[in-house]
Amino acid sequence: MTSSTARYNAKVVEAKWQAEWSANRCFEAEEDPKRPKYYVLEMFPYPSGRIHMGHVRNYTLGDVIARYKRARGFNVLHPMGWDAFGLPAENAARDQKIHPAEWTYANIANMKAELQSMGLSLDWSRELATCHPGYYRHQQKLFVDFYKAGLAYRKESWVNWDPVDHTVLANEQVIDGRGWRSGALVEKRKLTQWFFKITEFSDDLLTALNGLERWPDPVRLMQRNWIGRSEGLRMQFDYVGEKREPLEIYTTRHDTIFGASFMALSAEHPAALAVAENDPKAAEFIAECQRLGTSEEVIEKTEKKGYDTGLRVKHPFVDGVELPVYIANFVLMEYGTGAIFGCPAHDQRDLDFARKYGLPVVPVVCPKGVDAATFEVGTEAFTDNDSGILINSDFLGGMSVPEAKAAIAERMEKRGAGERTINYRLRDWGISRQRYWGCPIPMIHCDKCGIVPEREENLPVQLPDDVEFDQPGNPLDRHPTWKHTDCPECGAKAVRETDTMDTFVDSSWYFARFCSARDDDPVARDAVDYWLAVDQYIGGVEHAILHLLYSRFFMRAMRTCSFVGLDEPFAGLFTQGMVCHETYRDQNGNWLYPEEVVQGDDGQVRLASTGEPATVGRSEAMSKSKKNVVDPGAIIDKYGADIARWFMLSDSPPERDMEWTDAGANGAWRYVQRIWRLVNDHTPNLAAAGSAMPNALDGTALELRRATHKAIKGVGDDIERFRFNRAVARIHEFSNVLGDFKPRGDGDDWALREALETLVTLFGPMMPHLGEELWRVLGHETLLVDRSWPAADETLTVDETVTIGVQVSGKMRGTIEMPRDAEKADAEAAALALDTVQRAIGGNAVRKVIVVPNRIVNIVV
RNA sequence: GCGGGCGUGGCGGAAUUGGUAGACGCAAGGGACUUAAAAUCCCUCGGGCGUAAGCCCGUGCCGGUUCGAGUCCGGCCGCCCGCACCA
């Protein structure tokens, strides 16, 4: 096909349609109870300054869904905002002497322009930034209400202290013993902190996961493990000869009580601290334990160590047996009661410990099929509690593990010295941060009244503008006047809380704020009732636990305080893969940017500047440190947004990591030009728009219509199932058919118009600018975004003839063409008539013939 | 250590969920057009044998179920991710 049509100019065309959509307010959503709603949300970005390819992928995926659902007749809400509080702004303030707000808002302006150049169908009228008083004011109101409802509280606790960032970190923010942002080794400190009572909902957060059917299973599993429910027993042990409160432990293996040979206390356990008061050696051991880090390497290498306190407790079921009480470095204060009983034969840690200190190792559960009389535990504990029979255990003898657990629990409960307990790994969410650039916690410390919430009419408690960042620590605390105020209760001089909230708080309810982004209350009830839950949430797996769990907690807390009427914020969740790129290094091992290298004809990669050879490394997630980043702005500038979007959707399934390549982007560009020529070249052959379908199309027209309607069905199904790469492939196939199409017979012009309009509509959600432009080329005055998704004619999506594979004894020997749903006997006869089949049978007797209609014929000899 | 996922051409990946393995794209090679290049168009493209028709092999490895296995089951190997002294 030759063409005189000028090349498609993405730059001019894209700006034009973006302006058009904006002028027509195409994407501004309004509640309309008469229409079904669809809330599409991508995780909002941190305004770092520039968008990266991960954003492009994220927002492209969301935009395809939003535009598709819109075409399907849904009232779509698709908003965007900024997760705008956080440490980088303070670092910038310190390094560049610029106020965090100024830095943040400049970044927002820049990134907004970049996002707008992508042609996303976003409702910008609902834009919000979490650092704006108009947002955090409402967050403070939520905090006060949570406080009044008992869901926010203050307590002294051991915290993870980041010595570089000078702030407290939640457990979730400590990765391998290091701060998630600074990477510094985390220390333990005791501080008074604000907490959200997420454990109030432990059980509900766990069980409700079962109802989240449109969440990926791995994410649900991660949350399940994070919440970490276990069923066990709290048991009390009486001390020997001491007038102390009994020692309470938590265990899930009470069936092994007859194998107990010691007790172990956490170094932070009150009983351990009590011993240390009169025992310098104990105090020294405790201090040693607290110096220990919590990183993986440390835990791995650290020997199980203990200190014998000299205390003894009585075995609850064996008179005269006394168990030594140790302080041990492997017992956690935060889990259970901070004390355990050790059964070395059936717990690896206990076994290591017992071997070190020469404590008895008595097996009490015998594996099935092993002789109980000779069963011994060597260096490996027997921990399988599904199989196994109790031995050496008095009244438990011969029981299974569950039976033994029940028996022990019953006796301990009857005695009043035990209680069946459900325990969770999940701990309350510590939200205090000693930072400036965060939402101030709206509480006031009064000498007379204690801790008092700021009055609602005084909200927001606004951040002061005049702050310095030249020394570590919290600028709010150092500020000369800010924290001094009057007590809302008694009016006396009082002091503000100077901690600000963890930025995860900001992102735990923004999706609700979007429903009524300009309302005077945190949320307008009718708006959230209409729009929530988010129908489709899209973002990276890195938020699989924290952000999503906190948001789920927030919905429950907001429900408790009557802000919303539902528990689960996100009905559907999709976690996308990362965008990767090859990595390059020079001969000294320094990372190189992609644009610093060139590939020669010999395949060798060299430095563009000096010609010095470079090495190509594996494809990895784009990161500044490895310099394998490609700037979306440059791509959009060179090729246009549609090409970036199209390539993002092609080839790789969205949940998997994808590799960005120049060749791939080029391929997308060529495809866009091809479509452009295709539509322009065919346009003169079209029937007039709006003309009625001629009767009884056949021949080439019918074939084209079949391709058209198969494409409609296939692409729609694929988009619904998030199989965008498959949808792209189908559009390619369809446009290949159109490229080969030569109008000849009656009605071809009509079928061609249908096909071209369909093509444009199908890729419209993916390449919206090209779509609008070609829609205009096809003679329409309307906007493509206002066009409904076409309906597939089911009678055209199935072929009249099918190609059926023919096997002889399971080996492919040929194919036959048959009418759809042909009789089995006909298919069998046609199969047997094939030369290749006869040769393969080779005179052997046919034992049976399996015919699966429209699929396969298998002749078994 | 515990939990989860993945393994298909040179590459990204398809495969109607047990029924013609390799759709679609990228890369590569050959050809046409051109003074030339770009662009475009046509052809080839899992491996082996064969002039050919065709035959054999092939979805990480070994085994099993089945008329039939990339898909299901068992056991290995390799890579990736999450959690981690949780009693």
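The values are calculated or read from the model by the stated rules, or taken from the named source; none is laboratory data. Model, not experiment: these values are computed from the prediction. Methodologically, a virtual Cβ is constructed for each residue, glycine included, from the backbone with ideal geometry; neighbour enumeration extends over all protein chains shown. These area figures cover heavy atoms from the full protein model, side chains too; ligands, DNA and RNA do not enter into them. Shrake-Rupley method; radii C 1.70, N 1.55, O 1.52, S 1.80 Å.
Data overview
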| read-out | value |
| --- | --- |
| Solvent-accessible surface (1.4 angstrom probe) belonging to residue A:597, in square angstrom, nearest 10 | 20 |
| Average silhouette area of region A:1-147, convex hull of alpha-carbon atoms, in square nanometres | 13.5 |
| Chain A: C-alpha pair distances exceeding 55 Å, % | 30 |
| Rg to Rh, two decimals, where region A:778-861 supplies the alpha carbon set and Rh follows Kirkwood | 1.35 |
| Euclidean distance of C-alpha centroids, region A:202-270 and region A:22-65, integer Å | 43 |
| FRET efficiency, residue A:155 to residue A:623 (Cβ-Cβ, R0 45 Å, nearest 0.05) | 0.75 |
| Within the accessible area of region A:279-433 (1.4 Å probe), percent carbon and sulfur | 49 |
| Separation in nanometres of the label points that stand 7 Å from Cα toward Cβ, at residue A:374 and residue A:782 | 8.5 |
| Ranked order, A:820, A:420, A:705 - accessible area, probe 1.4 Å, largest first | A:420, A:820, A:705 |
| For region A:626-730: accessible area per residue (Å², 1.4 Å) | 42 |
| Region A:261-410: proportion of alpha-carbon pairs further apart than 21 angstrom, % | 50 |
| Selection from A:326, A:286, A:338 lying farthest towards where the dipole of region A:212-349 points positive, charges on Cβ | A:338 |
| Cα centroid separation, region A:501-575 to region A:744-796 (Å) | 37 |
| Environment charge of residue A:50, counting only residues whose C-beta is closer than 11 Å and scoring Lys/Arg +1, Asp/Glu -1 | -1 |
| Backbone N under 12 Å from the residue A:823 label point (7 Å along Cα→Cβ), restricted to region A:798-817 | none |
| Accessible area in the full protein assembly, largest first, 1.4 Å probe, for A:383, A:199, A:104 | A:383, A:199, A:104 |
| Cα radius of gyration and Dmax for region A:544-609 (Å) | 24.1, 68 |
| Theoretical gain in end-to-end length, residue A:6 to residue A:657 [0.36 nm per residue, Cα-Cα removed] | 230.7 nm |
| Counted charge near residue A:82, where neighbours are those whose Cβ lies closer than 10 Å (Asp, Glu -1; Lys, Arg +1) | -2 |
| Dipole-positive endmost among A:444, A:389, A:365 within region A:329-459 (Cβ charges, Cα centre) | A:444 |
| Ellipsoid semi-axes in whole angstrom, largest first, where each is sqrt(5λ) of the Cα gyration tensor of region A:394-543 | 45, 26, 18 |
| Accessible area per residue, Å², region A:335-432 with all protein chains present, probe 1.4 Å | 48 |
| Considering only chain A, percent of DSSP beta bridges that pair antiparallel, nearest 5 | 75 |
| Spin-label pair residue A:847/residue A:308, simplified geometry with 7 Å Cα→Cβ offset, distance in nm | 7.3 |
| For region A:620-680 and region A:308-354, distance of Cα centres in Å | 60 |
| Surface per residue (accessible, 1.4 Å probe) for region A:49-167, Å² | 32 |
| Violating pairs (Cα-Cα greater than 18 angstrom) within the set A:155/A:188; A:356/A:405; A:305/A:356 | A:356/A:405 |
| Rounded percent of accessible protein surface that carbon and sulfur make up, region A:117-216, 1.4 Å probe | 47 |
| Cβ-defined net charge surrounding residue A:619, 10 Å radius [Lys, Arg +1; Asp, Glu -1] | -3 |
| Accessible surface of region A:489-644 [probe 1.4 Å, protein heavy atoms]: carbon and sulfur percent | 46 |
| Only Lys, Arg (+1) and Asp, Glu (-1) charged, at Cβ; chain A dipole about Cα centre in debye | 540 |
| Residue A:793 paired with residue A:210, simple spin-label distance in nm, labels 7 Å along Cα-to-beta-carbon | 4.8 |
